[in-house]
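The values are calculated or read from the model by the stated rules, or taken from the named source; none is laboratory data. Quantities reported herein were computed from a predicted structural model and do not represent experimental measurements. All Cβ positions, even for glycine, are placed from backbone atoms using ideal geometry, and neighbour counts span all protein chains on display. The area values use the complete protein model at the heavy-atom level, side chains included, leaving out ligands, DNA and RNA. Shrake-Rupley method; radii C 1.70, N 1.55, O 1.52, S 1.80 Å.
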Amino acid sequence: MSFAEQFPIVFAALNEGFFQTLKLFGVTLAGAIPLGLLIALGVMSRFKPLSAVLKTVVWIVRGSPLMIQLLIIFYMPGMLFGHPIWGGGETGRFWAASVAFIINYACYFSEIYRGGIQGVPVGQSEAGQVLGLSRRQVFFKVTLLQMVKRIVPPMSNEIITLVKDTSLARIIALQEIIWAGQAFMKGRDGISGQLWPLFFTGVYYLAFSGLLTVLFGKLEKKLDYFKV
Amino acid sequence: MSVLEVRDLRKSFGKTEVLKGVSFDLNEGEVLSIIGSSGSGKTTLLRCINQLETADSGTVTVAGETFFDGAPKKQKESDKRRNQLLVGLVFQNFNLFPQYTALRNVTLAPRLLAKERPDYKDNKKAILEEIDAGAKEILTKVGLAQKMENYPCELSGGQQQRVSIARALLLNPKVLFFDEPTSALDPELTGEILKVIKGLAQEKRTMVIVTHEMEFARAVSTKVIFMDDGVIAEQGTPDEVFGNPKSERTKAFIRKFHE
Ligand SMILES: Nc1ncnc2c1ncn2[C@@H]1O[C@H](COP(=O)(O)OP(=O)(O)OP(=O)(O)O)[C@@H](O)[C@H]1O
Ligand SMILES: [Mg+2]
């Protein structure tokens, strides 16, 4: 088969894989952004046991490879309960991967949030308080935007890393774009022994992370009118 | 009539007692300067009166309202907020809100407060215009007519401090407190702040000023308190405290400033 004949077939397969990649990316963000905030609040809580437990969890998650976490979350329940909880199909693999990614990224995000929250000087909320603002007003009118400004640059770094990290889900055979590209080595849709589709997946990652870089750059610019 | 009454106020941080029973009164229209060496408890005293810190015992009354009655129990937030409007505090490092212009820094609290008025919905436009007009007038008075639309990062330290004074003034507090309002400024910028405060004194605003500017304190205040190690070592008129100090500690402290 000539390249011109291969290309549409590969393109379709990679698009399908990339759709799965984007789904994992989106679900991870949707879960990790709020969960990270809860973890951050828990770590900062004055209730020491909660803070200690969460600190340990964050340390373990950030200190070990995401690939191992994926394997543990996918295989451990089966080993413990004697039967797999995720189901064998693509849907099961997707949810296992999502859980692993959400937990992992929530821990990274929590540290960023914590830095953002603690980075706003106490003088800001004290100034709000002596002006008679309620706690709610102090949070929404004074500190929130300053926090957002502080966390946008580190969050954009993490989120761009997440784009590329989704490829790790390949380890539990999630049919994301790397998996789709690799299939053309072993043989798929009448094409085999071809490496170029796998290499070509890089273009997708580049394009998507490029898009995100531009978007985050715009957001940072928008918040540029003040300094914290 | 005394507008501020502080009785036997005590406050410890852990084992260190920082305020060891502080009592004083202030009449309407008076200007009180608090002087004293570093660590003597001046900031803590201001923070306790302004409800940023909860004292351990003693009482604080402002314009007849009990701010603190010695019981360190949790006050209701609504009471605390209502009381809060009777006092204003200008911080050493301004604490302007960086995301708002000078004008919005000044109007933020009054605008939020106005939302709680029953007639807000009907008169929204008029109410907000009135607040903005008031803010512009005060900003003009402190010499910032040209800087209203600037963000804090675009202003000098002296200008920022003038915005923060305007911000406190617009709420028209019964007593306005200053914690070393010029200490974070370059020496050439302190003059503009002291001038603003002198103007307020001439308008008979009741003020309490913690300061290390001795000449200014002597010139502007009607009453001076010298704090030493958590107690009031001496209080009186500026001429009494500066001209004829009784306590040895006061003498030593003032001598140090004349060297
Ligand atoms: N939050 C706190 N926790 C523990 N100790 C504190 C706290 N705030 C103040 N202190 C201590 O209380 C003492 C008095 O502090 P304070 O800030 O009231 O002094 P000050 O008279 O304002 O001094 P300065 O002239 O340096 O501003 C100091 O010894 C200080 O270390
Ligand atoms: Mg101080």
Would you list B:L169, A:L145 from the most to the least accessible area, probe 1.4 Å? A:L145, B:L169
Starting from the amide H of B:G236, placed 1.01 Å from N in the peptide plane, find each other amide H under 5 Å away whose residue is 5 or more places distant or on another chain. B:V224
Listed residues A:G116, A:I160, A:Y105: farthest to the positive end of the dipole of chain A (Cβ charges): A:G116
Measure of exposure for B:K198: accessible area at 1.4 Å probe, Å² rounded to 10, is 90 Å²
Tail weight of P(r) past 29 Å, computed on alpha-carbon pairs of the protein assembly as shown, percent: 62 percent
Approximate spin-label separation B:D56-A:W59, in nm, with each point projected 7 Å along Cα-to-Cβ: 3.5 nm
Give the ranking of B:F13, B:F177, A:F19, A:F25 by solvent-accessible surface, highest area first, calculated with a 1.4 Å probe. A:F19, B:F13, A:F25, B:F177
How far apart, in nm, are the 7 Å Cα→Cβ label points at B:S38 and A:Q182? 6.3 nm
Please list, in order along region B:49-62, the HN-Hα scalar couplings obtained from phi with the Karplus expression 6.51 cos²θ - 1.76 cosθ + 1.60 (θ = phi - 60°), rounded to whole Hz, x for Gly and Pro. 5, 8, 6, 7, 9, 9, 5, 8, 7, x, 9, 10, 10, 10
Once amide H atoms are built 1.01 Å from N in the peptide plane, which residues 5 or more positions from B:F177, or in another chain, come under 5 Å H to H? B:G88, B:L89, B:V90, B:V208
Give me the 1.4 Å probe accessible area per residue for chain A, excluding ligands and nucleic acids, in Å². 52 Å²
Sites B:E240 and A:S209, calculated FRET efficiency, Cβ-Cβ separation with R0 51 Å, nearest 0.05: 0.10
Counting DSSP beta bridges with both ends in chain B, the antiparallel % (nearest 5): 55 percent
Give, in nm to one decimal, the length gained when the segment between B:K125 and B:E28 is fully stretched (0.36 nm per residue of separation minus the Cα-Cα distance). 31.5 nm
Given Cβ point charges of +1 (Lys, Arg) and -1 (Asp, Glu) and nothing else, what value in debye, to the nearest 20, does the dipole of the protein assembly as shown about its Cα centre take? 740 debye
According to a simple spin-label model (label point 7 Å from Cα along Cα-to-Cβ), what is the distance in nm between A:I171 and B:T140? 6.8 nm
Ignoring ligands, DNA and RNA, please state the percent of accessible area on region A:81-212 from carbon and sulfur, probe 1.4 Å. 64 percent
Helix B:157-170 versus the longest principal axis of chain B: what is the Cα-based angle in degrees, 0 to 90, to the nearest 10? 80 degrees
Tell me, rounded to the nearest percent, the portion of alpha carbon pairs in chain B spaced more than 25 Å apart. 47 percent
How large, in Å, is region B:1-90 by the Kirkwood hydrodynamic radius built from its alpha-carbon pairs? 13.5 Å
Please work out whether chain A counts as rounded, prolate or oblate from its C-alpha gyration tensor, where a ≥ b ≥ c are the square roots of the eigenvalues and a/c under 1.5 means rounded, while otherwise a/b larger than b/c means prolate and anything else oblate? oblate
Protein chains only, probe 1.4 Å: how do A:W179, A:W95, A:W59 rank by accessible area, largest first? A:W59, A:W95, A:W179
Go ahead and estimate [θ] at 222 nm for chain B from helices alone: -39,500 (n - 2.57) per DSSP H run with n ≥ 4, summed, over the residue count, rounded to 500. -12000 deg cm²/dmol
Area accessible to solvent at A:D189, 1.4 Å probe radius, in Å²: 90 Å²
Per the 1/(1 + (r/R0)^6) rule, R0 = 45 Å and r from the Cβ atoms of B:E116 and A:D224, FRET efficiency to 0.05 is 0.85
